[in-house]
Amino acid sequence: MIKKLRREFILTGMLAVVIAEILMIGAIDAINYKSTMDSIRGQMEILVENDGDLSAVLEEKGRPGMGTPGEDGSDNKPDDGRVKKDPGRGMGPGINEETPFMLRYFTVTADETGKVTDTDTGHIAMVDDTRAAEYGEAVLSSGRKRGFYREYYFNLNDTGEMIIFLDCRHDIMSFESFRNISIIVGLIGAVLVLIILIPISGRVLSPVEESYKKQKRFITDASHEIKTPLAIISADTEVLELDLSDNEWLLSIKNQIKRLTELTEKLVFLSRMDEGISNMDMAEVDLSELMYEVTDSYKPMAEASGKKYITDIEYDVHITGDEGNLTQMMNLLIDNAFKYSDDKGSIKISLKTKGKKKEITVYNTVAEIEKGDLSRLFERFYRADSSRSSETGGHGIGLSVVAAIAQAHHGTATAKSEDGRSVTFTISL
C-alpha cells in the first residue's frame with residue numbers, strides 16, 4: 001500500500017509540474033508567436049503602403065538606392081561623421097530604420113481576369129520570375145487576400161492587381177527554434193523534478209509508512225492474542241455443556257465465540273495480504289466445478305428462506321489460482337447475497353468467459369440501496385445499513401476479503417446498483 005501511495009504521490013507531483021509547464025510554455029510561445037506575427041504584419045504594412053516599392057522610403061532617408069550615395073554625391077552624413085537619424089515613421093513592433101534594407105520580397109501583378117501579367121523579383125535571390133508567377137496563380141486561385149503560402153506571407157492589395165510576397169523564412173525559423181528550445185527545456189525540467197521527487201517522496205511518506213506498519217502489526221498481534229482466550233473460553237464452554245446440556249446461555253456464548261474467531265481469522269488474512277504475505281498455492285483450478293460445488297451447497301438455504309435462486313455457470317472454465325481462497329471468496333459473496341437480500345427476493349449467480357477474463361457475477365435484490373457505483377462496500381467495516389447488518393450478524397469485513405482475494409489473483413472486484421432495488425457484485429479474474 002505504501003508503494004502504491006508513493007507512486008501516486010510522484011504521479012500527482014509530476015502531473016502538476018507538467019500541467020504548469022504546458023501552461024507556461026504555451027503562454028510564452030503564444031506571446032512569441034504574436035510578436036513574430038506583429039513584426040511580419042508591420043513589415044508587410046510598409047510594403048503595402050509603398051505598393052511593393054521601397055524607393056520612396058529610402059529617398060526619405062537621402063538614400064535613393066541600396067547602399068548608393070545620393071544624387072548630390074553626398075554620403076548623407078553630417079560634418080561630424082555621424083549618420084543622420086530619422087525621427088521615425090511609426091512602423092510598428094520590431095520595425096526600425098534598417099527594416100527596408102533587411103526585407104526580402106517579390107511582387108506579382110495580375111489583370112482583371114486574374115492572369116499574371118508581371119513579376120518583380122529584384123529584391124529576392126531565391127525566387128525567379130517563373131516561380132513567382134506560379135505562387136501568384138496559386139494565391140489567386142485560393143481566393144484569399146492575405147495569409148501564408150509556404151514560407152511567404154502574402155497580401156493582395158485593395159484593387160486585386162498586386163500580390164506582395166514577404167519572405168518569412170528567418171522569422172519562422174526563429175519562432176520554431178524558440179519553440180523547440182522551450183519544449184526541450186520543459187522536458188529537462190520535468191525529468192529533473194522527477195529525479196528530485198523520488199527521494200523526497202520517501203521522506204515525506206516515511207511517517208505515514210511507519211504509522212501504517214504499526215497499525216498492521218497491532219492488528220496481527222491483537223488477532224493472535226485474541227485467539228488464545230477464545231480457544232480457552234470455547235473449551236470451557238464445551239465442558240459446561242456436558243453438565244448443563246442444552247443451555248441457551250452456553251449456546252449464545254458459542255455463537256459469539258464463533259463470530260470472534262471468524263473475525264480474527266479475516267483480520268489476520270487481510271493483514272497478511274496487505275503485507276504481501278499471501279501464502280497462496282497457485283495451481284490450475286476448474287472454476288466451473290468449484291462454483292457448482294459452492295452454489296449447490298446453498299440450495300437448501302434458498303428453499304428454506306423461500307428465495308429465488310438461479311445459477312448460470314459456463315462449463316469447463318479454468319483459471320490459475322488458489323482453490324481454497326477462491327472457494328472462500330465465493331462463499332463470502334453468496335453468503336452476503338443471502339444475508340442482505342430482501343424477503344422472498346432473488347439471487348442470481350453466473351460465470352462467463354469474456355475474452356481473456358473470467359467474470360463472476362452475484363446479483364441479489366434488496367429492499368433499498370443507493371444507485372450507482374457501490375465500490376465502497378469493499379471497504380473494511382463499512383455497512384450500507386448498520387441496523388440490517390446487526391440483524392444478520394455481519395462484521396462488515398467479508399467483502400474486503402473478497403476484494404483482497406480478487407487482487408491477489410490479478411483481478412478486480414466491483415459493485416453497483418442500476419435501480420436502487422438490487423446490487424450486482426462482479427469479480428473479473
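Only the coordinates and a few stated rules stand behind these numbers; no lab work does. The model shown is predicted, which means the values in this text are computed figures rather than measured ones. Every residue, glycine as well, gets a Cβ built from its backbone with ideal geometry; the counts of neighbours run over all protein chains shown.
A few notes on this one:
- Expressed to the nearest 5 percent, the antiparallel share of DSSP beta bridges inside the stretch 283-428 is 80 percent.
- Three-way shape call for the stretch 283-428 based on the alpha-carbon gyration tensor, with the a/c threshold at 1.5: prolate
- Net charge of neighbours whose Cβ lies under 11 Å from the Cβ of ALA138, counting Lys and Arg as +1 and Asp and Glu as -1: +1
- Take the Cβ atoms of LYS352 and GLU293, set R0 to 22 Å, and the FRET efficiency comes out at 0.75.
- In summary, the lysines within cross-link reach of LYS371, defined as a Cα separation below 22 angstrom excluding same-chain residues under 8 places away, comprise LYS339, LYS344, LYS348, LYS416.
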